[in-house]
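Enquirer: Below is a structure I'd like to ask you about.
The values are calculated or read from the model by the stated rules, or taken from the named source; none is laboratory data. Every value quoted in this text rests on a predicted model; they were computed, and no experiment measured them. Cβ atoms come from the backbone with ideal geometry, glycine included; neighbour counts cover every protein chain shown.
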Amino acid sequence: MDNDRIFEPFEDGLVQPPYRSEKYASTGRMAPDNVHPIAPRTATELSGPIFARSADEDRNLVSGKGGQAIGSLMRLKVRVLDEDARPQPGSFIEIWQANAAGKYQHPQDQRDAPIDPNFRSWGRGVVDANGEIDFITIRPGAYPVPNSGGWWRPPHIHLSAYGSTFLSHIITQLYFPGDPLNEIDGIFQGIPDPVARERLVLKPDADSGIPEAALGFRFDLVLRGRSQTPLEN
């Protein structure tokens, strides 16, 4: 037997972040006090959704009516894989992020920072037969967390993935390599295992970029197994 193909279960609280984390203080208010009940799985949860392929413009966050968005242009290539690195076609991927000033295009973001009229904060699409999808976007800016005593979130991109049913839904965050705010971020550091944390860091990849126009980054979303991607809301 190939020992590399033996997958042992995770130790609780090591790879996936705990519900309550000292590094992420607000989890003390939001985490459940009791064990989650297991709801019955009916046909509604076990069937659908069926996602249509999105238009190319749904994967381009930077081209507005007035021109190109402000910021460092990048192309992000995401692959959805199982524990044996086999592609998972048909997965529906959504991303959302702040603009270059660290401002979300959302009514709840009331911070006094500029909105870029040429930047759309979200993108979406269905991965291809190779389990891949790419997005044209910009490197987001850092932003302060309100009433946190000086905590700034590092640049990051939120990612959501749906599989073949409504129950197959995961959310996480992607970080940029070498950013100094990564080391003091309560959410990123809430994952106890440093090796698991590194699975959320984007990998620079020249082949994913656009020559003389956009940096390239790639990210492998691994759904299960020893190399499973940690989840973050």
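Enquirer: Say we look at region 196-216 and pick out the residues that are surrounded by 15 or more Cβ atoms within 10 Å (Cβ to Cβ), within 30 Å of Ser63 (Cβ to Cβ) and among the hydrophobic types (A, V, I, L, M, F, W, C); which of these is nearest to the chain's Cα centre (by Cα)?
Expert: Taking the candidates together, the pick is Leu200.
Enquirer: Of everything in region 107-157 that's of a type in the set (A, V, I, L, M) and over 16 Å from the mean Cα position of the chain (by Cα), which residue is nearest to Glu94 (Cα to Cα)?
Expert: Of all residues in region 107-157, those of a type in the set (A, V, I, L, M) come to 113, 115, 126-127, 129, 133, 136, 138, 142, 145, 157.
Now restrict to residues that are over 16 Å from the mean Cα position of the chain (by Cα): 113, 115, 129, 145.
Numbers: Ala113: 24, Ile115: 21, Ala129: 17, Val145: 23 Å.
Applying the filter and picking the extreme gives Ala129.
Enquirer: Among the residues of region 161-195, how many are under 24 Å from Ala100 (Cβ atoms) and either charged (D, E, K, R) or surrounded by 16 or more Cβ atoms within 10 Å (Cβ to Cβ) (or both)?
Expert: Going through region 161-195 one residue at a time, the tally reaches 13.
Enquirer: Looking at Asp116, Asp134, Asp84, can you tell me which residue is surrounded by 14 or more Cβ atoms within 10 Å (Cβ to Cβ), more than 19 Å from Lys203 (Cβ to Cβ), acidic (Asp, Glu) and out of contact with any Phe, Trp or Tyr (no Cβ under 9 Å at 6 or more places or on another chain)?
Expert: That would be Asp116, the only listed residue that is surrounded by 14 or more Cβ atoms within 10 Å (Cβ to Cβ), more than 19 Å from Lys203 (Cβ to Cβ), acidic (Asp, Glu) and out of contact with any Phe, Trp or Tyr (no Cβ under 9 Å at 6 or more places or on another chain).
Enquirer: Name the residues in region 139-167 that are in a loop (DSSP other than H, G, I, E, B) and closer than 15 Å to Glu232 by Cα, would you?
Expert: Answer for region 139-167, where residues must be in a loop (DSSP other than H, G, I, E, B) and closer than 15 Å to Glu232 by Cα: Pro154, Pro155.
Enquirer: From the list Gly64, Gly13, Gly28, Gly71, which residue is surrounded by 12 or more Cβ atoms within 10 Å (Cβ to Cβ) and modelled with pLDDT under 75? If you could, list the steps in order and put the result at the bottom.
Expert: On the way: Gly64 fails: modelled with pLDDT under 75; Gly28 fails: surrounded by 12 or more Cβ atoms within 10 Å (Cβ to Cβ); Gly71 fails: modelled with pLDDT under 75.
Going through Gly64, Gly13, Gly28, Gly71 in turn, the sole match is Gly13.
Enquirer: Checking Trp96 against (1) at pLDDT 95 or above; (2) under 17 Å from Asp58 (Cβ atoms); (3) in a loop (DSSP other than H, G, I, E, B), which test does it fail?
Expert: All conditions pass for Trp96, except number (3).
Enquirer: Scan region 109-124 and give yes if some residue there is under 19 Å from Asn60 (Cα atoms), among the hydrophobic types (A, V, I, L, M, F, W, C) and in contact with a Leu (Cβ under 9 Å, 6 or more places away or on another chain), otherwise no.
Expert: yes
Enquirer: Looking at region 56-77, is at least one residue under 19 Å from the mean Cα position of the chain (by Cα), of a type outside the set (Val, Ile, Thr) and within 30 Å of Arg41 (Cβ to Cβ)?
Expert: Step one: list which residues in region 56-77 are under 19 Å from the mean Cα position of the chain (by Cα), which gives 58-62, 72-77.
Checking which are of a type outside the set (Val, Ile, Thr) leaves us with 58-61, 72-77.
Now restrict to residues that are within 30 Å of Arg41 (Cβ to Cβ): none.
So far as region 56-77 goes, no, none of its residues is under 19 Å from the mean Cα position of the chain (by Cα), of a type outside the set (Val, Ile, Thr) and within 30 Å of Arg41 (Cβ to Cβ).
Enquirer: I'm trying to understand the selection: among the residues of region 180-233, which are in a strand (DSSP E or B) and either more than 24 Å from Ser91 (Cβ to Cβ) or among the hydrophobic types (A, V, I, L, M, F, W, C) (or both)?
Expert: Residues satisfying the conditions are Val201, Ile210, Ala214, Leu215, Phe217, Phe219, Leu221, Val222.
Enquirer: Restricting to region 145-178, name every residue that is at pLDDT below 95 and of a type outside the set (A, V, I, L, M, F, W, C).
Expert: Pro146, Asn147, Ser148, Gly149, Gly150, Tyr162, Gly163, Ser164, Thr165, Ser168, His169
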